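Nothing in this text is a laboratory measurement; each read-out follows from the coordinates by a stated rule. Just so we're clear, the structure is a prediction, and the values are computed from it rather than from any experiment. With ideal geometry, Cβ positions are generated from the backbone for all residues, glycine too; neighbour counts draw on all protein chains shown.
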Amino acid sequence: MAPPVNRNAADRPTSGLLKANTLPRRAYVTFLAGDGDYWKGVVALAKGLRKAKSVYPLVVAMLPDVPMDHRQKLLAQGCIIREIEPLYPPENQTQFAMAYYVINYSKLRIWEVTNLPVLFVSVYIYKPLPTEYNLILAMLWRHPENVDLDKIKVVHYCADGSKPWRFTGKEKNMDREDIKMLVDKWWDIYNDETLDYRRTGAGGLSPQLITAVETPTPALTKRGGRPRYVTAPSAA
């Protein structure tokens with residue numbers, strides 16, 4: 001059963017549930033924007049954290065343009081969702097910027113979406129992480145001597161053509177056997193129904209949950225006095 005949710009004026013879910021105070025008050029946080037297929041990556045992340053037996057929840061900071069059916073998929077996987085207001089870089093710094101980087105500016109809102117201490121956010125790292133916990137796929141062909149695949153715990157599928165749910169193997173370096181193996185591992189987790197969210201007793205997610213009530217931010221925001229709406233590019 002999917003957890004109950006809070007809704008905004010447009011009847012869109014804006015939050016899931018927080019664990020009771022008896023559990024550690026920390027969280028993993030990720031970011032989602034647009035109506036594309038990146039929700040699949042969030043589902044895999046949620047299931048991967050369960051596979052690793054994490055006791056901390058996954059918070060999804062999302063822009064208002066994430067459609068309702070995508071929100072429902074994430075809530076069904078036990079995610080806590082927080083709708084955030086888009087944040088823009090100064091206009092004089094966006095003339096030559098790719099849309100992907102402009103939309104990523106909104107990730108700075110992550111620090112506003114929850115009162116839980118943030119355990120890990122992939123885009124904000126205060127000091128270099130060991131490769132085992134931050135494998136950038138390009139390391140496989142640029143610095144293979146620094147990679148031991150048997151020790152890898154976290155993979156960042158950031159190389160062109162490496163998103164598992166879009167994988168064709170046709171892009172540069174994507175025909176490598178190690179890449180194909182890592183893509184297969186992603187699908188193993190994504191398709192594993194035993195990792196789906198379940199409200200269980202001891203040893204699983206607690207049934208004693210409390211609603212996380214926050215005022216959702218509007219889809220419209222202003223900059224320079226003009227209302228503006230952000231839609232995410234396909235690569236966001």
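In this calculation the C-beta distance from Lys170 to Asp35 is compared with R0 = 30 Å, giving a FRET efficiency of 0.75. Take the Cα of Ala138, step 7 Å toward its Cβ, do the same at Asp69, and the gap between the two points is 3.5 nm.
Set the Förster distance to 35 Å, then compute FRET efficiency between Glu145 and Asp196 from the Cβ-Cβ distance, nearest 0.05. Write down the numbers at each step before the final one.
Working: r = 38 Å, r/R0 = 1.10.
E between Glu145 and Asp196, to the nearest 0.05, is 0.35.
Between Arg25 and Ser54, the simple spin-label model (points 7 angstrom out along Cα→Cβ) gives 2.0 nm. Per-peptide packing, taken as the mean over residues of other Cβ atoms within 10 Å, places 140-148, 69-77 in the sequence 69-77, 140-148 from highest down.
Applying 0.36 nm per residue to the separation of Ala76 and Trp111 and subtracting their alpha-carbon distance, the gain on full extension is 10.2 nm. Going from the fewest other Cβ atoms within 10 Å to the most, the residues Phe167, Phe31 appear in the order Phe167, Phe31. Compute the FRET efficiency between Asp188 and Leu129 as 1/(1 + (r/R0)^6), taking r as their Cβ-Cβ distance and R0 = 25 Å, and round to the nearest 0.05. About 0.60, to the nearest 0.05.
Panel order for Met98, Met174, by other beta carbons found within 10 Å of each beta carbon, from fewest to most: Met98, Met174.
From least to most packed, judged by other beta carbons within 10 angstrom and beginning with the fewest, Leu58, Leu45 follow the order Leu45, Leu58.
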